[in-house]
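To keep things clear, I will list the structure first and then write my remarks on it.
The values are calculated or read from the model by the stated rules, or taken from the named source; none is laboratory data. All values derive from a computational prediction rather than experimental measurement. Here the Cβ positions follow ideal geometry from the backbone for every residue, glycine too, while neighbour counts run over all protein chains shown.
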Amino acid sequence: MMRPSSQKARAAARSLRRALGSAFSDRIEDRICYSFDATDFRFLPDAVAWPRGVPDVVELVRTAGAAGLPVVPRGAGTGYTGGSVPVEGGIVLSFERMARILAVDARNRVAVVEPGVVNDDLRNAVASLGLTYPPDPASLKVSTIGGNVAESAGGPKTVLHGTTRDYVVGLEFVLADGSIVLTGVLAAPRRGWDGAPLFTGSEGTLAIVTKVALRLTERPRSFATLWAEFPSLEQAASAVAAITAAGLPVGVLEILDGETYACAHEYVRGCRPERACEGALLIELEGTGESVADGASRVAALVSAEGARGVREASDEEEREEIWAIRRSVSPALARLGAAKINEDIAVPRSAIPAYVRTMREVSANLRLPILAFGHAGDGNLHVNIMLEKGSPAEFERARKAVGRLFEAAVSMGGALSGEHGIGITKAEHLASELSPVALDLTARVKRALDPEDTLNPGKILTTTPNPWWSLSCGERSESGGDDSEAAAC
């Protein structure tokens, strides 16, 4: 669509400033702060708003829509595919002021929250009731429920408990025309159609979620946490297949390559591990004490049979937390390497993980690029990190080829481009390799039906917006969405 003239944009800003007061800003310092996410791609918005409730959201959507301004919903900005960056300018809606836990129904095991609630805050709030909210992305201490819904976030516990999609039992959302829709349990007693499966994972491109009803579960009574080290990453991957085939109550099954483990170990403990390994698994069983103890013994035997040369089980909660600290620190640890890092969350069937790891090694050798891997192996979700020098156009070109080959391999093995990070702008050019022409057309028709003017988070998923990674020149990202001189200042 044609974007608004400067005159229309200024008129919309004046109207919103009158209606929202301090909950709206078009000051450059605020615009810069909301111009990027975890990718660090920078696109300057025209303004930022911090809605305090549904009326503010409706006012923002209607005013922006009338002026032709894009509206970009934003959680904590922890995404890795550019999903919340304003690639076409417009107004960023940050939900940090809509962060209330509205209700917890312990009897029916349902919590109702606003989108700005931090994932871990919800988990802590229901713990005293003997309940938990299982989805736990690595960013759970900062990422918000709204962002988790937008991407259908997963996490280490996906292997047993599933992703965000499996826990959304009701939504309240605002459509592009400002209409408010209630679905699922939030629409009771006239429930009707449940749109949660459609909107969960839609990355804010179809509607703006303002309230979420989530299913809670009983907290596990007992855990057994094991750490196993292998001479090769391929052996660790084979052990994953063996463990999942055994049908044990495994709640977590994480894989790390040797360099990833060493970096995380140094980040947490200040030194590299005493004994090097090429692959490692974090395995956690949950359930009753007897079932967990039996399962832990069987897991230890399985990984030993697959070649593990070191297996240890946490003896207490302190040791369990030490093991988890290594896994939770992987992303910041790799960021300290100083190189640019392209993080792709490729998903493949669990039985295909060993073959995929071999392919990854071949791509790394052929293109002369370090490729590190870790992730939720129990769910087939591998986080593949391509490491490269920021000032080397040649390396970026080889990285582009590497990404293409890794995506092609995943799809050929029955996998997907993304396990939990979404498509955003970084994977859009590859979407046609995963979806058929009919599926792509259907996706576009749904978008046009719900957002005919393309004002909700435009330039994402079905887009020709170039992947900013490939616009790099001498390590500097191209910027858009506002005055270039202002954007460059950040």
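In table form, for the structure just shown:
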read-out: Within the range 385-396, tally of residues that are closer than 17 Å to Glu362 by Cα and in a helix (DSSP H, G or I); value: 1
read-out: Subset of the range 27-47 [surrounded by fewer than 19 Cβ atoms within 10 Å (Cβ to Cβ), farther than 19 Å from Glu203 by Cα and not β-branched (Val, Ile, Thr)]; value: Arg27, Glu29, Asp30, Cys33
read-out: Checking Ile323 against (1) over 28 Å from the mean Cα position of the chain (by Cα); (2) assigned by TED's automatic domain parsing to the domain that holds Pro249, the condition it does not meet; value: (1)
read-out: Condition check for Glu284: of a type in the set (Asp, Glu), over 30 Å from Val142 (Cα atoms) and touching a residue at least 60 places away in the same chain (Cβ under 8 Å); value: no
read-out: Within the range 440-463, considering residues that are part of a loop (DSSP other than H, G, I, E, B) and in contact with a helix residue (DSSP H, G or I) (Cβ under 8 Å, 6 or more places away or on another chain), the one farthest from Gly82 (Cα to Cα); value: Glu453
read-out: Which listed residue, of Pro249, Pro197, Pro231, is outside the structural domain of Arg123 (by TED's automatic domain parsing), in contact with a helix residue (DSSP H, G or I) (Cβ under 9 Å, 6 or more places away or on another chain) and not β-branched (Val, Ile, Thr); value: Pro249
read-out: Unique residue being surrounded by fewer than 18 Cβ atoms within 10 Å (Cβ to Cβ), outside the structural domain of Asp257 (by TED's automatic domain parsing) and either of a type in the set (Val, Ile, Thr) or on the phi > 0 side of the Ramachandran plot (or both) when the list is Arg361, Arg368; value: Arg368
read-out: Members of the range 407-423 found to be within 21 Å of Thr463 (Cα to Cα), assigned to a helix (DSSP H, G or I) and in contact (Cβ under 8 Å) with a residue 60 or more places away in the chain, listed by number; value: Phe407
read-out: Breaking point among (1) buried (at least 20 other Cβ atoms within 10 Å of the Cβ); (2) acidic (Asp, Glu); (3) closer than 28 Å to Ala347 by Cα, for Glu88; value: (3)
read-out: Out of Leu122, Leu44, Leu129, sole residue that is of a type in the set (A, V, I, L, M, F, W, C), in contact with a helix residue (DSSP H, G or I) (Cβ under 8 Å, 6 or more places away or on another chain) and in the same structural domain as Ser179 (by TED's automatic domain parsing); value: Leu122
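For (1) touching a strand residue (DSSP E or B) at 6+ places or on another chain (Cβ under 8 Å); (2) at pLDDT below 95; (3) assigned to a helix (DSSP H, G or I); (4) not hydrophobic (A, V, I, L, M, F, W, C), each residue gets a yes or a no:
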{"residue": "Leu171", "(1), (2), (3), (4)": "yes, no, no, no"}
{"residue": "Gly178", "(1), (2), (3), (4)": "no, no, no, yes"}
{"residue": "Pro189", "(1), (2), (3), (4)": "no, yes, no, yes"}
{"residue": "Ser202", "(1), (2), (3), (4)": "no, no, no, yes"}
{"residue": "Thr205", "(1), (2), (3), (4)": "yes, no, no, yes"}
{"residue": "Val209", "(1), (2), (3), (4)": "yes, no, no, no"}
{"residue": "Val212", "(1), (2), (3), (4)": "yes, no, no, no"}
{"residue": "Thr225", "(1), (2), (3), (4)": "yes, no, no, yes"}
{"residue": "Glu229", "(1), (2), (3), (4)": "yes, no, no, yes"}
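Listed here are the residues, each with its yes/no results for (1) of a type in the set (D, E, K, R); (2) within 30 Å of Ser331 (Cβ to Cβ).
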position	(1), (2)
Lys8	yes, no
Ala12	no, no
Ile28	no, yes
Arg62	yes, no
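Table: residues versus (1) surrounded by 14 or more Cβ atoms within 10 Å (Cβ to Cβ); (2) under 24 Å from the mean Cα position of the chain (by Cα).
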site	(1), (2)
Val268	yes, yes
Leu282	yes, yes
Ala293	yes, no
Ser304	yes, no
Gly307	yes, no
Glu318	no, no
